[in-house]
Amino acid sequence: MPVTVHFATNRVLDGPPEELGSYSESVVAPSNPNEVTYGTAFVNDANLDADTIGAITSLQTIGKGQFSQSAIDDLSDPGRNLLVFIHGFDNSFENAITRAAFNQQWFARSGLSAADTSVVAFSWPSAGKLITLPFPSAAYRRDQTKAGQSGLHIMTFFANLEPIIASARAKGNRVFLLAHSMGNWALQAAVESWFAHGNGDALLFDEVFLAAADEIHTTFDFDPTGRLSGLDRLGRRISTYASDKDVVLDISLKINFAKRLGQDGAHDRSNQERYPPAKYRTVLCGGFRDYKVDIASSHQYYRRSPGVRMDIANTMAGNV
């Protein structure tokens, strides 16, 4: 059965919006959120056992600056929880949307109804270049720049979601945010933009999942609202998934000359006064061996390891 992925993207369109090839690697004007494209994608089933994502079969209800009314209606009364997804480095538009659909199916397989979600994704303009050795630092830097330039666009995406989230929550649904890899760099730009534009505290997310975060490990220290220090004002709890076996983040550390949040969690994370357990949790995933570990998968454990999946699903269900 096809998976529906409502999406927003700040990629420049080079052609008809219903065609995949139109979604470029360029970012729309960073100061103009009205140029962000919103739409709905339909993705056929993934092969979860083979870790093979599905394919986009059609793109519909495309518009600028806001979700279509049909998408608003669908997300406002989804009949299940909502999952908001921000992808990482090395993802084309198609990669990002099909990965969102894969995540929806992956978590649903946990067997917990709370983890069977409707999904909405934001695709920032990663070039989608394959990771090869030696690590392509120039491609990495280009993606990092574009992720940072996406702050206002993602902030506006969150603002457009806010009334939708309120409606979905009023009907008994919970709302989750999952940011993977360099998606956390884009997220910190969005959180900073949220408060810089005068927005106050907002309960957007019941749980925020920061998976293999390619963001500096001191990100929560930039009080009052620098980097991700204000994220706890937008969500009830933050769960950071980190691994000391993450080869990609080891390379990122060398490029950025700074330890990454996804390697060992936040700086001074054992300080419970600074990180109260009711608000922050860290899951160390380096010991999971229930999937084939290689360079790429060491960074993708959130969707490769059944054990990590069950932790995320149990968190969605309020069991953790």
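The values are calculated or read from the model by the stated rules, or taken from the named source; none is laboratory data. Keep in mind that this is a model prediction, so the values were computed, not measured. Reconstructed Cβ throughout: ideal geometry from the backbone, glycine too, with neighbour counts over all protein chains shown. Accessible surface areas use protein heavy atoms only, side chains included; no ligands, DNA or RNA. Shrake-Rupley method; radii C 1.70, N 1.55, O 1.52, S 1.80 Å.
A few points about this structure:
- Heavy-atom surface analysis with a 1.4 Å probe gives the chain a carbon and sulfur content of 51 percent of its accessible area.
- Estimated vicinal HN-Hα couplings, Hz - the stretch 54-59 in sequence order (Karplus 6.51, -1.76, 1.60; Gly, Pro = x): x, 10, 6, 9, 6, 10
- Taken per residue, the accessible surface of the chain reaches 38 Å², heavy atoms only and a 1.4 Å probe.
- Between Ala159 and Arg236, the FRET efficiency estimated from the beta carbon spacing at R0 = 22 angstrom works out to 0.70.
- Distance from the Cα centroid of the stretch 1-40 to that of the stretch 214-264 is 27 Å (rounded to whole angstrom).
- Summarising the amide proton neighbourhood of Ile216: residues at separation of 5 or more, or on other chains, whose placed amide H is nearer than 5 Å comprise Leu261.
- Only lysines eight or more places from Lys146 in sequence, or on another chain, were considered; those with a Cα closer than 16 Å are Lys129.
- The packing ranking, built from the mean of other Cβ atoms within 10 Å per residue, places the peptides 144-150, 176-182, 276-282, 107-113 in the order 176-182, 144-150, 107-113, 276-282, highest first.
- Under 5 Å, built H, 5+ apart or other chain: amide partners of Leu178: Val84, Phe85, Ile86, Phe209
- Computed from label points 7 Å out along Cα-Cβ, the spacing between Glu273 and Asn47 is 5.5 nm.
- Computed [θ] at 222 nm, deg cm²/dmol, the chain (DSSP H ≥ 4; -39,500 (n - 2.57); rounded to nearest 500): -9000 deg cm²/dmol
- What the phi angles of the stretch 123-128 give under the Karplus curve with 6.51, -1.76 and 1.60, with θ = phi - 60°, is a coupling list of 10, 8, x, 4, 6, x Hz, glycine and proline written as x.
- Inter-label distance, Asp290 to Ser68: 3.9 nm, where each label sits 7 Å from its Cα along the C-beta direction.
- Whole-Å distance, taken between Cα centres, linking the stretch 75-98 and the stretch 265-283: 27 Å
- Placing pseudo-labels 7 Å out from each Cα toward the beta carbon at Ala138 and Ala196 gives an inter-label distance of 2.9 nm.
- Area of Glu94 that stays accessible when all protein chains are in place (1.4 Å probe, Å², to 10): 80 Å²
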